[in-house]
1. Would you kindly find the accessible area of B:Thr224, with a 1.4 Å probe and non-protein molecules such as ligands, DNA and RNA excluded, rounding to the nearest 10 Å²?
2. I need to check one value: relative contact order of region B:4-217, counting alpha carbon pairs closer than 8 Å and at least 6 residues apart, in percent.
3. Sort A:151-157, A:98-104 by packing, meaning the average of other beta carbons within 10 Å per residue, with the highest value first.
4. Accessible area of region A:114-233 with a 1.4 Å probe: how many percent of it is carbon plus sulfur?
5. Roughly how big is the B-A contact, given as buried accessible area in Å² (both sides, 1.4 Å probe, nearest 100)?
6. Which one, B:Leu189, B:Asn96, B:Ala146, is farthest towards the positive end of the dipole of region B:4-217 when Lys and Arg carry +1 and Asp and Glu -1 on their Cβ?
7. Angle between the Cα long axis of helix A:2-15 and the longest principal axis of chain A, 0 to 90 degrees, nearest 10?
8. Going Cα to Cα from B:Lys222, which aspartates and glutamates come in below 15 Å? Please leave out same-chain ones fewer than 8 positions away.
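The values are calculated or read from the model by the stated rules, or taken from the named source; none is laboratory data. All of these numbers come straight from a predicted model, not from anything done at the bench. When we count neighbours, we look across all protein chains shown, and the Cβ atoms used for this are built from the backbone with ideal geometry, even at glycine. Areas reflect the complete protein model, heavy atoms only, side chains present, ligands, DNA and RNA absent. Shrake-Rupley method; radii C 1.70, N 1.55, O 1.52, S 1.80 Å.
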Amino acid sequence: MSGAWAIAKKDMRIYYLKPNIIVSGIMFPLFMFLSFAIGKNAPPGTLIPGLIAITLMFSASSIEPVSIPIERRVKTFERLLSAPISLYSLVSGESLSGFLYSLGIACLPLAIGVIVFHTPIVHALILAISMIFTAFCFATLGTLFAAYPTENVGEVMSMLNTVRLPLIFISGVFIPLSAMPVIGQMIALISPLTYGNDMIEYAYTGKSLFSPLLDIMMLIIFILIFQVTANYLYKKFNE
Amino acid sequence: MKAIEVSHLIKKFGSLTALNDISFSVGEGETFGFLGPNGAGKTTTIRILTGVSRPTSGTATIFGHDVEHDTIAARQSVGIVSENSNVYDDLTAWQNLMFSAELYHVGRKEREEKATELLKKFELYDRSNDKVHGFSKGMKRRLTLAMGMVNSPRLIFLDEPTSGLDVQSNLIIREVVSDLVRAGVTVFLTTHNIEEANVMCDRVAIINKGNIVAIDAPESLKKTIQSVQSIEVAFDRNSTDHLDELSHLPMVNDVRKAGDKFKIFTEFPSEVIDVLVAYAHLHNLKILSITTLGPSLEDVFVRLTGLQRAGDGIHAID
Ligand SMILES: Nc1ncnc2c1ncn2[C@@H]1O[C@H](COP(=O)(O)OP(=O)(O)O)[C@@H](O)[C@H]1O
Ligand SMILES: [Mg+2]
């Protein structure tokens, strides 16, 4: 595990301030939020839970899809592959950096909610737990997509975005699930963002679609699926 | 126990056979050279030995640990210096070393001492806290070597460590490698430079297109190499009749016609020049040009494998 931590620390030093990571991890969710908020009549404070959810998703899944293709190109990735650490440590180390990054970034909408809109938080502990699991889930998703053996950041990013962007619309973030057609509600069930968003919503309002316990279990299942698949792919693509 | 034991290794990339059934072993404390031109399979061998790439068939062990099935144990006491200077440009020299040490589970105090020692050794100490992206090629290469040594390995892989470097960096690197050898570290070094293999290695394997052509001590290799020093001479009348006569001159190993010149292979170029002058005199020939050529990797291969030259895909690099 010390190897995983070393990898995460290295990523923090190098990638946290890279422009393309800031754009896709911070600016993007912010603009999404603003465009929704402006078109809505709801008081902006009630949109804070959704903003936190998509901020977590975008920032957590933005580090590895940038860092890993770059490191393949400059061959530093080979260092990680040839170090005496397990593939599991390597994959978790990569996810760890996205995880910590997004928790840091998500403090921004959290603070805006508290300071600007005075959005009340009903269950602070559940909020913390929901943010942690949502962040880890999407960090692992980022690592999973970065397994695709390319040296081109854009390739991974565009694959990732074809998954990430639709998730915003089908996960009840800005459009409540109850307002969606049945087919949309079915699709929502296979989106991890649905459960992350639902649990964050619960922490803020005390109301949610599922129980927080179910949300957290679903997030754990997604994390396991992503992690195992990522492990398998990194092994497979490593000829 | 052998430091490296390789048995019938085959590596295919699609239809390309990068390693064609190679076997060799390297004893502990030995400096083993892997000499071959670009594309010979040197890096592929190292990548398999360090568990980054998987062999198509065959086995390899490092200090008795199978590289495929006991990978982490096999890697622990190994240092790897890849052919690209793969350092992190956005980190300082110090941070690069710390990161490398942490990947190898070196404790804090130990890694800080080791990093300081290595930075001094590689003459990078006063640049410790500078980001690497301002470093010259030679400095990056030296840092790459330092990163490969920060876990005090028992075996170190050096993939073309001095290729394309400035003289100062070359000297430092060679000195550090001899220090390693004195300290009993096993060194596996790849190069396409004959002279480097000769100077630095106890034994040298010559590899070409995935085949090991010969494994020998440098002394006997040197004999082969010396025998392919050559003289190129052009006379005013270049009849092929000379070919036979020239090849019977003393100290001449072989003669080939190369364009309008004769290429004469010998261990003793300066003596043979005298002989040629006398020969020209005797036959009333004028020497239009005469040049001595050092041994080329290509000539060594031809000598060792008895291949004929032209178009067989061997490229001399030096
Ligand atoms: N990942 C790869 N995919 C396809 N071919 C490869 C790959 N790596 C190496 N090769 C091929 O294998 C051969 C040996 O390459 P390499 O081991 O890098 O040679 P060297 O290090 O001796 O210059 C070359 O023909 C090279 O093109
Ligand atoms: Mg190579």
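1. Surface open to solvent at B:Thr224 totals about 30 Å².
2. Relative contact order of region B:4-217: 31 percent.
3. A:98-104, A:151-157
4. Heavy-atom surface of region A:114-233 belonging to carbon and sulfur, 1.4 Å probe: 78 percent.
5. 2400 Å²
6. It is B:Asn96, whose Cα lies furthest towards the positive end.
7. 70 degrees
8. Excluding near neighbours in sequence, the set is B:Glu195, B:Glu196, B:Asp202, B:Glu267, B:Glu298, B:Asp299.
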